[in-house]
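Since every read-out is calculated from the coordinates, none of them should be taken as a lab result. Nothing here was measured: the structure is a model prediction, and the numbers come from that model. Don't worry about glycine lacking a Cβ; one is built from the backbone with ideal geometry, like all the others, and counts go over all protein chains shown.
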């Protein structure tokens, strides 16, 4: 039997003197708190029903092995007996809404150790199969959100972008009163998206809690979309965690104003006796690991102490592969196939290599082994029995050789043979043989008529990478063919023993190269890329039969040139040292005065009015007035005008200048400058900015981020950026216009200001808002901020303890 009594609405029900059931809506209970006479009912008569809106059990343990709710159920041999039966209807929930049918929120802030189990199932021996949890079709057994809590970047209290450091410092000693009135809100944000927030409360909200709504930031400034996470704080009535999945939030991005991924929580409950006080909040960016409804499991690390069996294929979706950790340097079985013969693939520690107890067959591909200095070792030979070719390929990287060897140390010749069947039907071979002493490599064939042919691939080259070249050993001093080219005309290079020289039966062309004869070189003229050639050193021309002696002849016509007719074009020096040139029209003379090799020389005009002086390091043109009109040297080129203060241009290795007594234009590797005639005003272009200067400071400056206008005394500055305009009077910002709004500041010490934003207009005295106008309300605040007038479309409200002086007359809906 259970004792029950009829309880009036609003009374507190006591259960066995330990657990309190707080419910202001029930009309039936167990034992009245006032000790009224109970009503006895028999549970066996039928089910006891109680309809409530919310049932809370508040319990504080007074001893070990205590419990807040205990259900002792005896199935008594019957089937389908439930100690707790929950019939849960989701209703029309949609994306962004999470449901926690049984929510266990654990506050472990005071714990220093121990184990806490959210669900612990114990059983004795017996014949039944006992499982801790069973799920049915379409139910995923486990969804884990793995992560750690860290301090947020953003934490605001009823303001869109002003952080309260105490909210996000991770300290329980610094607190913040939150949700002090209906419609107040807080914002928690971090630089990266997150999926959980823990709220550590020093004072918990009284019943029925703040009834929060939750919102996440979307594109823009102060833009939020509502969603429904799982609230472990029970409306901020206890310390807890608010959690959701990343997939619940569509279009969740960082707020433009705060620069962080934000979650906004708004109080919607009026008349709470005790408002919550926050110690701190932290966020956790989580990684989801899931055992889904299909039986697929996604986990991080798996440590299997026993055997693991797989009835389907095993895929390793990682570049790290599979690591075997036997615990010591010992043999390791990698794969054992449970078929006849038990094929095994293992690591052999003494051999320091992998072993197969069966042959390895590679079909339709290549076998690649490496890297290793020893390459691939085959003990006992290698046989290829296939209609297809046998390949030895290497992966990209440093090339490794393929070895054929035995372990004998008695000096036998090592030989590699390639066998084939010629047309005669006999099995012949070509062999590579290393002589036992290790000095020579022999390439031979067992057929006397065979040639050794090297056939290059598409590259067309056969390379011999050695500095010792190719040695020809004909056996005696005889002519030796060195190169024969199998094309029309059969070009050949050979050694002619009779002439003791190399000979060719075709011409030798050296395109772009040179020919050295003794210590002299004849090469193509590379200076002007013409069809001539140059000789390094002295070039001597000797008389040939029927020609001229000691001359260089440039001519057309028949050989030999006579030098007296139109066929001759030659250059020579006469007995006086003059350089003469003769053409078909007669003699022309070139006279050089002085030397041009090491000392200065001059080219003088016929009337000697001006000079062009050329030295090894400069060229100078001086006019008849003695003015240097052109100067060219190793550091600069200078072109000068006429007159006492001429305009001149100067070119350096990395600069350019125009000067008329003042540097009017100058350009170098760092800037380009233009100046006024009195050298007072100038403008400069740098790689990163443009400036207009007076003789004291930059008055205009433009760079990649902003443009600045400066007053003559340098105190007042106007900044223009892509999304920002600021005017500063040298003491403080007086005008600020940015994405958050427009603010006009006073000159006073308190810096009162008028703020105009998209959402509201504020008049602030430097300490707090005194006037606020938004889409729904107009507020007038007292200087202390404790009292205010709230005017909306529905009427006027006075907040705080307010005395109304004067006379107020109420007429219909108006107050006069």
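Things to note:
- Neighbour counts of other Cβ atoms within 10 Å put 110, 201, 510, 493 in the fewest-to-most order 110, 510, 493, 201.
- Label-reachable residues, the range 697-715, where backbone N falls under 16 Å from a point 7 Å from residue 683's Cα toward its Cβ: 698-703, 707-710
- From least to most packed, judged by other beta carbons within 10 angstrom and beginning with the fewest, 656, 310, 149 follow the order 310, 656, 149.
- Cα gyration tensor shape of the range 250-301, rounded if a/c is under 1.5, else prolate or oblate by comparing a/b with b/c: prolate
- Shape of the range 142-291, Cα gyration tensor, a/c cut at 1.5: rounded
- Residue order, fewest to most surrounding Cβ atoms within 10 angstrom, among 455, 622: 455, 622
- With R₀ set to 30 Å, the beta-carbon distance separating residue 633 from residue 692 gives a calculated FRET efficiency near 0.30.
- The packing ranking of peptides 699-707, 176-184, highest mean first, is 176-184, 699-707, where packing means the average number of other beta carbon atoms within 10 angstrom of each residue.
- Projected area, mean over directions - the range 207-359, Cα convex hull, nm²: 17.0 nm²
- One decimal place: the segment residue 645-residue 143 gains 171.9 nm when fully extended, by the rule 0.36 nm per residue minus the C-alpha distance.
- Computed lengthening from residue 253 to residue 703, 0.36 nm per intervening residue step minus Cα-Cα distance: 159.0 nm
- FRET efficiency for residue 174 and residue 94, using Cβ-Cβ distance with R0 set to 51 Å, rounded to 0.05: 0.85
- Translational diffusion coefficient (Stokes-Einstein; Kirkwood radius from C-alpha pairs) of the range 622-723 at 4 °C, 1.567 mPa s, in µm²/s: 82 µm²/s
- Spin-label pair residue 290/residue 617, simplified geometry with 7 Å Cα→Cβ offset, distance in nm: 8.1 nm
- Extension gain, residue 72 to residue 787, is 251.8 nm, computed as 0.36 nm per intervening residue step minus the present C-alpha separation.
- Once both labels are positioned 7 Å from their Cα atoms along Cα-to-Cβ, the gap between residue 213 and residue 344 label points is 7.1 nm.
- Rounded to the nearest 0.05, the FRET efficiency derived from the C-beta distance between residue 56 and residue 130 at R0 = 41 Å is 0.80.
- Distance from the range 271-321 to the range 117-179 (C-alpha centre basis), Å: 13 Å
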